[in-house]
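In what follows, a single structure is set out as C-alpha cells and then discussed.
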Amino acid sequence: MARDVAIVGVGHSRYGVRSDVNIGELAWESISMALDDAGLEQRDIEYFVVSSVGGWSSEYLPAVVIGEYSGLTPKGTARVEAACASGSAAVKLAYDMVASGSVDIAMAIGLEKMNESPTPTVVEFIGRAGNYFWEFHNFGLTFPGYYALYATAYMDRYGATEEDLCLAAVKNHYYGARNPKAHFQKEVTLEKCMSSRYIAWPLKLYDCSPITDGSSAVILASGEVARELTDTPVWIEAIGHASDTANLSKRDDFTYLRAARLAAEQAYMQAGILDGYEMYKYFDVAEVHDCFTIAEVMAYEDLRFAKPGEGHKMLRDGETYIGGKIPVNLSGGLKAKGHPIGATGVGMVAELTNQLLQRVEKDRQAPIEKGRAIAHNVGGTGHYAYVTILSLDRPGR
Amino acid sequence: MSREEKVSQRELFDKQMKEFEEFVESMKDSLGLPTFPDMKSGALQWYDQRWITTRFVISVEGIKEFFDKLIDGKFVTTKCRSCGELYFPPQKDCPKCRKSDMEWVELSREGELLTYTQINVKPYSFSHYDDYIVGIVRLPEGINVTAWIRADDPSKLRIGMKMRLEIVRRKPENYITYEWVPAEE
Ligand SMILES: [Zn+2]
C-alpha cells in the first residue's frame with residue numbers, strides 16, 4: 001500500500017531574464033531555500049529528480065551539473081522531460097519514490113535557462129515540440145501558433161472574443177505585479193493587451209507567456225518523516241496524469257485539451273471529489289497553465305470550474321480574482337510570473353504550498369478555508385498533462 | 001512599406017547577430033576574452049566560442065510510397081489490411097491490431113477547415129518567409145491534414161469552409177509538398 005507523502009520544504013528563484021546567474025547558481029537559489037525551509041542537509045536527500053527541457057542552454061546534463069554545484073552528489077538522480085509539464089512529472093516521480101518506500105526523502109528540482117539562446121532559436125525549439133517531421137518541418141508552427149489553433153476554434157464555437165482572452169492577461173499581470181519573484185511585475189490594461197501586435201493570429205503579444213529563466217524545488221517526505229520534520233506538512237492528495245497525440249491533426253476537437261481533462265478526472269477520482277461543474281468549491285486557490293490566455297480559459301473548463309464554453313465568462317465576471325468563485329494564478333501565472341519550461345510545474349507546487357501555509361505577500365494571498373489547492377500543468381500543446389491536488393489534511397484521515 | 005522594401009525577420013535577426021558578434025569580437029580584441037556586459041542588467045556574459053549547426057537525417061523508408069506518389073501528384077496514406085484503420089500521417093505499423101500489413105490508398109482532396117492561424121513571429125528556420133497561414137482540414141474519411149493555406153489574410157477564412165489540397169513545390173527550398181487552397185469565396 002502506498003505511503004502518504006508530504007511537502008516539507010519549498011524553494012523558488014526569482015523568474016525573469018537571469019543574466020546574473022549560470023545554471024548551477026540559478027538552481028542553488030531554489031535548492032538552498034528548500035533545504036532551509038525543511039531544516040534538512042543535502043545528505044538527507046536520498047534522490048533528486050531534475051526537470052529541465054534544455055536545448056537552448058549550454059549544459060547537456062543539468063542533473064549532474066546542479067548536483068555537483070549544490071552538494072547533492074553522489075545521490076541518485078535523473079532528468080525528466082514532459083515539455084512544459086516536466087516539473088509536475090518530476091514531482092510525480094519523487095512522490096512515487098517516497099510513496100513506494102524506495103526512499104523517505106526526495107527532492108524535485110525544476111530548472112530552465114532559456115535566455116542562453118537568442119529568441120528566434122528558442123521559438124524554433126519550442127515550435128519543434130510536437131511532431132517535428134509532419135508539423136514543424138513543412139509548416140513551421142510555433143508554440144503560440146499551436147495554441148492559436150485552439151483559440152480560433154474556441155472563439156468560433158463559443159463566441160468568445162479577443163477581449164475575453166486579454167482579461168486573463170490583465171488578471172495575471174495584476175497579481176504578477178504583487179509577486180516579487182515574477183518576471184513581469186507590472187499591471188497591463190485591457191487596451192494595452194488589445195493593441196499589442198499579433199504573434200500568431202489571433203494571439204497577441206500580451207496573450208503569450210515570456211521566455212523565462214528560473215528554478216524551483218520541493219522536498220517530499222514520507223508521512224512519518226514529515227511529522228518529525230515539521231508541524232505544517234502540506235500533503236499531496238492526488239496526482240492525475242495523461243497524454244495526447246504528438247500531431248495536433250490527430251485530435252478531433254480544438255476547444256479543450258483532452259489530456260488535461262483526463263488528468264483532472266483522475267486526480268478528482270483519487271481525492272474522492274467528483275461531481276458537476278462547480279469543482280472550484282473544493283479549493284481555496286488554483287494555479288493553472290496559462291502559457292497563453294486561451295489555455296487559462298480551457299483550464300477552467302477542463303478542471304470543471306465551468307461548463308464547456310463558459311470558461312471565458314468566468315473572466316468576464318471576475319470570478320477568478322480573490323473574492324470570486326476561485327482565485328486563479330495569484331502568482332501571476334505563466335503569463336506574468338513567467339514560464340521557465342522545466343521549472344514551471346515545480347514552481348506551481350511551491351507557490352500553492354506557500355498559499356496553503358498563508359505565507360505569500362498579503363495582497364495576493366488567497367483566504368485559506370478549505371485547506372485544498374490544485375495545480376494544472378500542461379506540457380506542449382496538451383501533449384502532456386498533470387493535475388496535482390495539495391491538502392492541509394492528511395489524505396484519508 | 002512597399003513589398004519590395006520589406007525586410008524578412010531572418011534579415012533583421014542576422015543583421016542584429018552580426019552587429020552583436022562584431023561587438024563581442026572587439027571586446028575580445030581588447031580584453032583577450034569573449035566577455036561583455038548584458039545590455040539590460042550589466043551582468044557579465046561569456047559568448048560561446050564553440051558552435052554547431054544541427055540538421056537531421058530522418059528515415060522515410062517505411063513510408064516511401066507516400067513520397068513516390070506525391071511526385072506523381074497523388075496524395076495517399078496507409079490503411080491496415082487487417083483491421084481497416086486509416087492513418088495520416090502514414091505509418092508502417094498498425095498499433096491497433098499489431099500487424100504491419102498496410103495498403104496505400106488515395107485520400108480525398110477536399111475537406112472542411114477545422115481551425116487555422118497565421119504565424120507572425122516565425123522560428124529561425126522559417127524566418128525568410130512572409131507571414132504564413134496554417135490550417136487543419138478534415139477530410140470526408142474522418143482524418144485531418146495540417147498544411148499551409150494559400151491566402152494572405154486569416155480574417156477572410158472561416159471555420160467550416162471548403163478547402164482543396166494542391167501538391168506544390170515549396171520555394172525557395174524547392175521540394176514537393178502539399179497545401180490547402182480555399183475552394184469557395
Ligand atoms: Zn490494423
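The values are calculated or read from the model by the stated rules, or taken from the named source; none is laboratory data. Just so you know, these numbers come straight off a predicted model, no measurement behind them. Glycine also receives a Cβ, built like all others from the backbone with ideal geometry; neighbour counts cover every protein chain displayed. Ligands, DNA and RNA are excluded from the accessible area calculation, which covers all protein heavy atoms including side chains. Shrake-Rupley method; radii C 1.70, N 1.55, O 1.52, S 1.80 Å.
Values computed for the structure shown
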item: Residues satisfying the stated conditions in region A:372-397, i.e. on the phi < 0 side of the Ramachandran plot and not in a strand (DSSP E or B); result: A:Thr381, A:His383, A:Leu392, A:Asp393, A:Arg394, A:Pro395, A:Arg397
item: Of residues in region B:152-170 being modelled with pLDDT under 95 and assigned to a loop (DSSP other than H, G, I, E, B), the one farthest from the chain's Cα centre (by Cα); result: B:Asp153
item: Filter result for B:Phe13 (hydrophobic (A, V, I, L, M, F, W, C), out of contact with any helix residue (DSSP H, G or I) (no Cβ under 7 Å at 6 or more places or on another chain) and within 11 Å of chain A (Cβ to nearest Cβ)); result: no
item: Residue that is farthest from A:Glu287 (Cα to Cα) [pool: residues in region A:158-193 that are in contact with a Pro (Cβ under 9 Å, 6 or more places away or on another chain) and of a type outside the set (Phe, Trp, Tyr)]; result: A:Glu162
item: Filter pass, B:Gln45 being within 16 Å of the ligand (Cβ to nearest atom) and either aromatic (Phe, Trp, Tyr) or within 11 Å of another protein chain (Cβ to nearest Cβ) (or both); result: no
item: Of residues in region B:108-127 being assigned to a loop (DSSP other than H, G, I, E, B) and open to solvent by less than 10 Å² (accessible area, probe 1.4 Å), the one farthest from the ligand (Cβ to nearest atom); result: B:Ser127
item: Candidate set: region A:232-263, residues that are open to solvent by 20 Å² or more (accessible area, probe 1.4 Å) and not in a loop (DSSP other than H, G, I, E, B); chosen: the one nearest to A:Ala151 (Cα to Cα); result: A:Arg258
item: Region A:51-72: number of residues that are within 14 Å of chain B (Cβ to nearest Cβ) and either touching a Phe, Trp or Tyr at 6+ places or on another chain (Cβ under 6 Å) or of a type in the set (A, V, I, L, M, F, W, C) (or both); result: 2
item: A:Glu319 being among the charged types (D, E, K, R) and assigned to a helix (DSSP H, G or I); result: no
item: Any strands (runs of 3 or more DSSP E) falling wholly within region A:11-117 and containing at least 2 residues that are open to solvent by 10 Å² or more (accessible area, probe 1.4 Å) and in contact (Cβ under 8 Å) with a residue 12 or more places away in the chain; result: A:76-80, A:105-113
item: Test set (1) within 30 Å of A:Val123 (Cα to Cα); (2) open to solvent by 60 Å² or more (accessible area, probe 1.4 Å); (3) touching a residue at least 60 places away in the same chain (Cβ under 8 Å); (4) of a type in the set (A, V, I, L, M, F, W, C) - B:Phe13 fails condition number; result: (2)
item: Test: residue in region B:74-81 that is away from the ligand (no atom under 16 Å from the Cβ) and open to solvent by less than 70 Å² (accessible area, probe 1.4 Å); result: yes
item: Pick from region A:129-154, criterion at the interface with chain B (Cβ under 8 Å from one of its Cβ atoms) and assigned to a loop (DSSP other than H, G, I, E, B), ranking: nearest to B:Glu173 (Cα to Cα); result: A:Gly140
item: Selection from region B:82-98 of residues that are among the hydrophobic types (A, V, I, L, M, F, W, C), near the ligand (Cβ under 9 Å from one of its atoms) and not in a strand (DSSP E or B); result: B:Cys83, B:Cys97
item: Criterion (of a type outside the set (D, E, K, R), free of Cβ contacts under 8 Å to residues at least 60 places away in the same chain and either within 12 Å of chain A (Cβ to nearest Cβ) or surrounded by fewer than 21 Cβ atoms within 10 Å (Cβ to Cβ) (or both)) met by exactly one of B:Ile167, B:Ile143, B:Ile136; result: B:Ile136
item: Any pair with Cβ under 7 angstrom, 6 or more apart, that starts in region B:61-83 at a residue that is under 15 Å from B:Val145 (Cβ atoms) and ends at one that is away from the ligand (no atom under 14 Å from the Cβ) and basic (Lys, Arg); result: B:Phe75/B:Arg109; B:Val76/B:Lys69
item: Residue match in region A:335-353 (condition: modelled with pLDDT of 95 or more, within 22 Å of A:Ala169 (Cα to Cα) and within 14 Å of chain B (Cβ to nearest Cβ)); result: no
item: Pick from region A:162-192, criterion within 14 Å of chain B (Cβ to nearest Cβ) and more than 24 Å from A:Pro120 (Cα to Cα), ranking: surrounded by the most Cβ atoms within 10 Å (Cβ to Cβ); result: A:Leu165
item: Test: residue in region A:195-203 that is open to solvent by less than 50 Å² (accessible area, probe 1.4 Å), touching a residue at least 40 places away in the same chain (Cβ under 8 Å), more than 12 Å from chain B (Cβ to nearest Cβ) and not in a helix (DSSP H, G or I); result: no
item: Region B:147-164, residues that are away from chain A (no Cβ under 13 Å) and aliphatic (A, V, I, L, M); result: B:Met163
item: Residues satisfying the stated conditions in region B:146-164, i.e. open to solvent by 10 Å² or more (accessible area, probe 1.4 Å) and farther than 17 Å from A:Glu135 by Cα; result: B:Ala151, B:Asp152, B:Asp153, B:Ser155, B:Lys156, B:Leu157, B:Arg158, B:Ile159, B:Gly160, B:Lys162, B:Arg164
